[in-house]
Each structure stands twice: as C-alpha cells, then as structure tokens.
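Here the structure is laid out as structure tokens; the discussion comes afterwards.
The values are calculated or read from the model by the stated rules, or taken from the named source; none is laboratory data. Owing to the predicted nature of the structure, the values given are computational and were not obtained by experimental measurement. All Cβ positions, even for glycine, are placed from backbone atoms using ideal geometry, and neighbour counts span all protein chains on display.
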Amino acid sequence: MERIVIVIAGPTCSGKTEVGIKAAEKIGGEIISADSRQVYKHLTIGTAKPSPEELLKVKHHFIDELEPDVEFNASKFEVEAIEKIRRMFDEGKIPIVVGGSGLYIRALIDGIMNSVDTDAEYREELYVLREKFGNEYLYDMLKKVDPKSADEMLPQNWKRVVRSLEVFHITGEPIWKHQEGFKRNINFEFVQYGLRWDRELLYQNINERVDRMIELGLVKEVEELLKRNFSKELYSLNTVGYKEIISFLDGDISLERAVELIKRNTRRYAKKQLTWFNADSRINWLDIGSKADLESAAGKIAARFKV
C-alpha cells in the first residue's frame, strides 16, 4: 500500500471540511485538522469547526484538544501530526490533512527548522517594543530585514514575527534560509489538493457564513469565553471573529460594525491564504463553481487513493 498523505487546502469558506469528510468516508481515512484555532476548546462557532454530526462520521485530530490559554504552534503541530500519521499507516488508515493554515501545512510537509537557539534578552527587548508600539511596529521591523518571511504572515501573528526577528538577530540570515536547508527522515509522501472558487463567489460564501455565525450565537460564545476568565490578549482570541466581537462587548463598536469588520477581515484573510497556496506549485487545484461541486471534488480525490 502506498504511504501517501492527502492534503486538502484552500481559503476559508471553500468547503474543505465537507470535501475532507466525504473523501475520508470513501477511502477509510482519518482527518488531521490543519487549523491553528480549531484545536482550542470553546472556540467553536467562530472557527467553523465540524459539527458534532460530522465529527461522528470520521475520526478527527486536533479538534477541541487544548484550552485557549495553552500555547500551540506549527512546530508542535508538525511533530504531533507526524506521530499520528505513522500510527494511521500502521492501522491501515489513510491520513487526510484538511485546513487553511498555510504555515501548519508547510511545517508538516517541509518541516520547521528548530536548531537556532533563542536569545532571551533580545526577545525581551522585542516584547517591550510590542507593548509600547504594537504589533505593526515589530512587523515593520521584520519587513526591513526579511520581507519574504513578513509577506507570509500577518502582524497579529506577533510570536512568529518575534521568532523571525530573533533568528535574523542571532544568525544574520532570514529564517526561511534555515528552513530550506532542513531535511527530515520520513517514509511517506504528501499529495496536495486545493479548492479554488471564483473570488466573488468565495466572498459571498464568507458573508453568508459570518451572518450564520451571528445567528448561531457567536456573541454568546465570546461572552462565555470571557466569563471563564480567559484573557482578551490570548493569541487564540486574536482571531478574526473573536477580536471584533470583543471590541463590541467592550463598547468600542456597534454589533453591526463588528459584523462588517468580520466580513472584511475574513475576506482579507482568504486573499492572503490564496496568495500563500498559489505560491506552492505542488498543489493540484480543483475548480469549484458551486457547493454541488464539492461532492465531485471528493470523488476525484478518493479515486486516486481508493483501496
């Protein structure tokens, strides 16, 4: 049996969850969620997690595993996901990675280099600068010394920005150069698929999803998170959907404005995801014209791997 890991990637609201589940059902697969937020408990509506019914259909990993104040990153994901993949192959299952977190997917496929030491003193200096001037200030610092890495992250991903600045400070080289020279010893390969929509249709999906999230109770979900005494400053809550509702609950903006911002910021995030994935020539793109095409996409993926 071929030891191949299926990867289903794409921007938010492109139907990855549905395609992944349908493909897994056809070929006896298990799903590894490559979503940096769905791993957290209590963040459900705003992260568009699979429904309880969907979770019963196929076994999922990295869903509802951690409290929101527990640190999780691409490096940890890489290590733990590889362990799960090896176990699946041993059990005769086909691993299917599903998600839109480009860094997580790249970490799993290409590996993340962790050999560069840390510099606690320099890192503390960066923390002070962030506290004083904000995330954008650090992001601008990174753009000056490592524009390539900066282009692949957002200012709010400030821990990644700090690490990239730290690696450059220690080595004099951008972090991507170290990552390029890093090789792992794994005995399986990845085949990537991407779901590609017409941009206007994708944006329509996004707007509809945001409206549905509000109807399902996103405001109450955020209220409950804060009642549990989770800090508003948590990395897990610095997420589109949550940060805007927090601003509403703080009285800074109206609910109507919060919804507008969620839609706008989600569209911007989707655009950045597309830029990231389009840069990877290894992805086999499947054009989706409507939600009805998702079944066909799952069938095309399963046909290649059906045992």
Quiz prompt | Total residues in the range 24-46, condition under 21 Å from Lys232 (Cα atoms) and in contact with a helix residue (DSSP H, G or I) (Cβ under 9 Å, 6 or more places away or on another chain) | solution = 10
Quiz item: If you go through the range 1-31 one residue at a time, how many are surrounded by fewer than 18 Cβ atoms within 10 Å (Cβ to Cβ) and among the acidic types (Asp, Glu)?
Solution: 2
Quiz item: Any idea which of Lys84, Lys49 is over 14 Å from the mean Cα position of the chain (by Cα) and modelled with pLDDT of 95 or more?
Solution: Lys84
Quiz item: Quick one: would you say Ile175 is surrounded by fewer than 19 Cβ atoms within 10 Å (Cβ to Cβ), out of contact with any Pro (no Cβ under 7 Å at 6 or more places or on another chain) and among the β-branched types (Val, Ile, Thr)?
Solution: no
Quiz item: Which ones in the range 43-78 are in contact with a strand residue (DSSP E or B) (Cβ under 9 Å, 6 or more places away or on another chain), of a type in the set (A, V, I, L, M, F, W, C) and part of a loop (DSSP other than H, G, I, E, B)?
Solution: Val58, Phe62, Ile63, Val70, Phe72
Practice problem: Taking the options Phe72, Phe89, name whichever one is in contact with a Ser or Thr (Cβ under 9 Å, 6 or more places away or on another chain) and among the hydrophobic types (A, V, I, L, M, F, W, C). | Solution: Phe72
Practice problem: State yes or no: is Tyr193 assigned to a helix (DSSP H, G or I) and under 28 Å from Pro95 (Cβ atoms)? | Solution: no
Quiz item: Pick from the range 212-229 the residues that are closer than 19 Å to Asp35 by Cβ and touching a residue at least 24 places away in the same chain (Cβ under 8 Å): which of them is surrounded by the fewest Cβ atoms within 10 Å (Cβ to Cβ)?
Solution: Leu216
Quiz item: Can Lys143 be described as farther than 28 Å from Ile8 by Cβ and surrounded by 13 or more Cβ atoms within 10 Å (Cβ to Cβ)?
Solution: yes
Quiz item: Could you say whether any residue in the range 259-276 is in contact (Cβ under 8 Å) with a residue 40 or more places away in the chain and over 18 Å from the mean Cα position of the chain (by Cα)?
Solution: yes
